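S.K.: Let me give you the structure first, and then I'll get to my questions.
The values are calculated or read from the model by the stated rules, or taken from the named source; none is laboratory data. Keep in mind it's a predicted model, so treat the numbers as computed, not measured. Glycine also receives a Cβ, built like all others from the backbone with ideal geometry; neighbour counts cover every protein chain displayed.
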Amino acid sequence: MIDASEFVAGALCLDFINTVGGTRAGVHTDKLETYGDLLDWAVLGGALTRADAARLGRYAADEPDTAGKVLMAAKAFREALHAVFAAQASQDVAPKPALDLVNAWIGQSLAHARLVVREGEGFAWGWDRADAPDAPLWAIARDAGELLTKGPLDRLTECASDTCGWLFLDSTKNHSRRWCDMRGCGNRDKVRRYRQRPEPRA
């Protein structure tokens, strides 16, 4: 189930990476089991309006094979993003195949990007169409490009839990954030440390 409380990374593209729970090399869960899950996530993340998601949901019902292919492409894009940002977090060189795929999605998203005028708000970024089945991924790709080129990449870190691989931007003043979420990984660590305390002597 897609939960708004799981948007804790500080960047849309990182929250997208974090739709895999647990470590990718070990036990993990995938929040994006269906194309509908992708639409729900995109709405919660602000990458898609509810009206556009409803239209794409109807399209997916009529074209399930196409929707399935987009979901597979979305997961491949997600893993490429993870490879690039995980390398950045550990100060390694991003794998070229992953970077090439990320670049391809950035190029596709920018090809659809348009300036739109919002009444009372001036100009904002929008899209030339929102009825394309891969439209949910455009905002993610643009966000990834912005984060990789403008940062703050010095704030990029990985959750300290050995059972979690989530990435996030540490916005604390002294770079002290260790957990993706104190209610989850942080609380479990506190419980673990409490249980490991030596028993008091009689």
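S.K.: So which of 26, 21 is at pLDDT below 95, among the small types (Gly, Ala, Ser) and crowded, with 16+ Cβ neighbours inside 10 Å?
M.R.: 21
S.K.: Let me ask something else about it. Mind checking whether some residue in region 71-82 is within 21 Å of residue 8 (Cβ to Cβ) and either free of Cβ contacts under 8 Å to residues at least 12 places away in the same chain or touching a Cys at 6+ places or on another chain (Cβ under 7 Å) (or both)?
M.R.: Yes - at least one qualifying residue is present in region 71-82.
S.K.: Give the residue, chosen from 48, 32, that is in a loop (DSSP other than H, G, I, E, B), in contact with a Ser or Thr (Cβ under 6 Å, 6 or more places away or on another chain), of a type outside the set (Val, Ile, Thr) and surrounded by 17 or more Cβ atoms within 10 Å (Cβ to Cβ). Step through it out loud before you land on a result.
M.R.: Details: 48 fails: in contact with a Ser or Thr (Cβ under 6 Å, 6 or more places away or on another chain).
Unique residue meeting the criteria: 32.
For (1) under 18 Å from residue 102 (Cα atoms); (2) polar (S, T, N, Q); (3) modelled with pLDDT of 95 or more; (4) out of contact with any Leu (no Cβ under 8 Å at 6 or more places or on another chain), each residue gets a yes or a no:
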| position | (1), (2), (3), (4) |
| --- | --- |
| 6 | no, no, no, yes |
| 13 | yes, no, yes, no |
| 35 | no, no, yes, no |
| 65 | no, no, yes, yes |
| 69 | yes, no, yes, yes |
| 82 | yes, no, yes, no |
| 87 | yes, no, yes, yes |
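S.K.: Still on this structure, I have one more. For region 156-189, which residues satisfy the criterion of being hydroxyl-bearing (Ser, Thr, Tyr), at pLDDT below 90 and touching an Asp or Glu at 6+ places or on another chain (Cβ under 9 Å)?
M.R.: 161, 176
S.K.: Which members of region 138-155 meet the condition of being farther than 19 Å from residue 110 by Cα and basic (Lys, Arg)? Lay out the reasoning, then the answer.
M.R.: Going through region 138-155, the residues farther than 19 Å from residue 110 by Cα turn out to be 152-155.
Across region 138-155, the qualifying residue is only 155.
S.K.: On to the next question. Of the conditions (1) closer than 21 Å to residue 165 by Cα; (2) modelled with pLDDT under 95, residue 114 clears all except one; give me its number.
M.R.: Among (1) closer than 21 Å to residue 165 by Cα; (2) modelled with pLDDT under 95, residue 114 violates only (1).
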